[in-house]
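**Student:** Below is the structure I would like to discuss, written out as structure tokens.
Taken together, the values in this text are just the output of simple stated rules run on the coordinates, not laboratory data. This is a predicted model, so every value here is computed, not measured. Using ideal geometry, Cβ is built from the backbone for each residue, glycine included, and neighbour counts are taken over all protein chains shown.
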Amino acid sequence: GAVVSQHPSWVICKSGTSVKIECRSLDFQATTMFWYRQFPKQSLMLMATSNEGSKATYEQGVEKDKFLINHASLTLSTLTVTSAHPEDSSFYICSARTSGGSLSTDTQYFGPGTRLTVL
Amino acid sequence: QKEVEQDPGPLSVPEGAIVSLNCTYSNSAFQYFMWYRQYSRKGPELLMYTYSSGNKEDGRFTAQVDKSSKYISLFIRDSQPSDSATYLCATGFQKLVFGTGTRLLVSP
């Protein structure tokens, strides 16, 4: 099966600091990765789409200078929350879309999520 | 109008019941439809994936798509307490659009 990992699974930081979250596709290559955030009892909100080797595409209302995305390889994308504030506290989830093979090219597989708490 | 509408629930059923979860969508061009299961504080897990109209069965789960009415359903037979989770429907093209999720509670 398709496995996506995220690290760390949870993080607590002070206001004003930056936090980096890693997303890895473990057993497949992902040309596209997506970053979502989810508030309690709400659905996933797409923040940005990340393609390997190119700049991320951000959804309307998402500050690209605050949420830095780097898709350095076909198996790794990182999200850095810069100068985090308490309102950035949320559940951040990445997903990876396969680039072919035995899995559908249109199927996204999700990581386990990272819970960020900013004090 | 939201692209995908889903009743947030919660939906409470006794163990062994048949569960019906539903979503409606607005864009008739959507072809791919997914159901994800999300346990509390975990990432979504792909449960079912269907293309165009029709039914797809996998064990106790059946996904149904009716493109004429833009209606998608997930049926769970012989529901178990371990099925208690939030179920998210999703569709789209390059980007997935999710419903709000329906919280299902199966009591022993």
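**Student:** Listing A:Thr57, B:Thr91, B:Thr102 from the residue with the fewest other Cβ atoms within 10 Å to the one with the most, what is the order?
**Tutor:** Numbers: A:Thr57 17, B:Thr91 24, B:Thr102 21.
Neighbour counts put them in this order, fewest first: A:Thr57, B:Thr102, B:Thr91.
**Student:** A further question on this structure: For chain A, build the charge dipole from Cβ charges (+1 Lys, Arg; -1 Asp, Glu) around the Cα centre, then report which of A:Tyr36, A:Gln60, A:Ser18 sits farthest towards its positive end.
**Tutor:** Final value for the positive-end residue is A:Ser18.
**Student:** Moving to a separate point now. Would you please give the FRET efficiency between B:Glu5 and A:Lys64, computed as 1/(1 + (r/R0)^6) with r the Cβ-Cβ distance and R0 = 30 Å, to the nearest 0.05?
**Tutor:** The formula returns an efficiency of 0.50 here.
**Student:** Okay, moving on. Within the stretch A:9-119, how many lysine pairs that are 8 or more places apart, or on different chains, have C-alpha atoms less than 16 Å apart? All intermediate terms of the calculation are to be shown ahead of the outcome.
**Tutor:** Values: A:Lys14/A:Lys66; A:Lys20/A:Lys64; A:Lys20/A:Lys66; A:Lys55/A:Lys64; A:Lys55/A:Lys66.
Lysine pairs, 8 or more places apart or on different chains, close enough: 5.
**Student:** Considering only DSSP beta bridges with both partners in chain A, what is the antiparallel share in %, to the nearest 5? Intermediate results must be reported in sequence, preceding the final value.
**Tutor:** Values: 37 of 41 bridges.
Roughly 90 percent of the beta bridges in chain A run antiparallel, per DSSP.
**Student:** Given +1 on the Cβ of Lys and Arg, -1 on the Cβ of Asp and Glu, and no further charges, what dipole in debye does the stretch A:1-62 carry about its Cα centre, rounded to the nearest 20? Let's see the in-between values first.
**Tutor:** Values: 6 positive and 4 negative charges, 56 e Å.
Charge dipole of the stretch A:1-62: 280 debye, to the nearest 20.
**Student:** Grab chain B and count how many Lys pairs have their alpha-carbon atoms under 22 Å apart, sequence gap of 8 or more, or different chains. Could the numbers behind the result be given before it?
**Tutor:** On the way: B:Lys2/B:Lys67; B:Lys2/B:Lys70; B:Lys2/B:Lys95; B:Lys42/B:Lys95; B:Lys56/B:Lys67; B:Lys56/B:Lys70; B:Lys67/B:Lys95; B:Lys70/B:Lys95.
Summing the qualifying lysine pairs gives 8.
**Student:** How many percent of Cα pairs in chain B exceed 17 Å?
**Tutor:** Details: 2796 of 5778 pairs.
Above the 17 Å cut-off, chain B has 48 percent of its Cα pairs.
**Student:** Taking the Cα centroid of the stretch B:9-30 and of the stretch A:67-91, what is the distance between the two, rounded to the nearest whole Å?
**Tutor:** 32
**Student:** Now a separate question. Could you state the principal axis extents of the C-alpha atoms in the stretch B:40-102, from the largest down, to the nearest angstrom?
**Tutor:** 33, 25, 16
**Student:** Exposure proxy check: B:Cys89, A:Cys94 ranked by fewest other beta carbons within 10 Å?
**Tutor:** The order, fewest Cβ neighbours first, is B:Cys89, A:Cys94.
**Student:** How much of the pair distance distribution for the protein assembly as shown lies past 25 Å, counting alpha-carbon pairs only, in percent? Don't skip to the end; give the middle numbers.
**Tutor:** Details: 10557 of 25651 pairs.
Value for the protein assembly as shown (Cα pairs over 25 Å): 41 percent.
**Student:** Then there's this: Checking a compactness column here: for the stretch B:10-60, what do you get for Rg(Cα) / (2.2 N^0.38 Å), N being the number of residues?
**Tutor:** Rg over 2.2 N^0.38 Å, computed on Cα atoms: 1.35.
**Student:** Further question on the same structure: Please arrange A:Met47, B:Met48, A:Met33 by how many other C-beta atoms lie within 10 Å of their C-beta, fewest to most.
**Tutor:** B:Met48, A:Met47, A:Met33
**Student:** Next question. Determine by what factor the alpha-carbon radius of gyration of the stretch A:24-77 differs from 2.2 N^0.38 Å, reporting the quotient. Intermediate results must be reported in sequence, preceding the final value.
**Tutor:** Numbers: Rg = 11.8 Å, N = 54, 2.2 N^0.38 = 10.0 Å.
For the stretch A:24-77, the normalised Cα radius of gyration is 1.18.
**Student:** Related question: For a distance above 21 Å, tell me the whole-number percent of Cα pairs in the stretch A:14-119 that qualify. Don't jump to the answer; show the numbers that get you there.
**Tutor:** Values: 1738 of 5565 pairs.
Result for the distance tail: 31 percent.
**Student:** For chain A, set up a GNM with springs between Cα atoms under 10 Å and report which of A:Gly53, A:Gly61, A:Gly16 has the largest fluctuation.
**Tutor:** The residue that fluctuates most here is A:Gly61.
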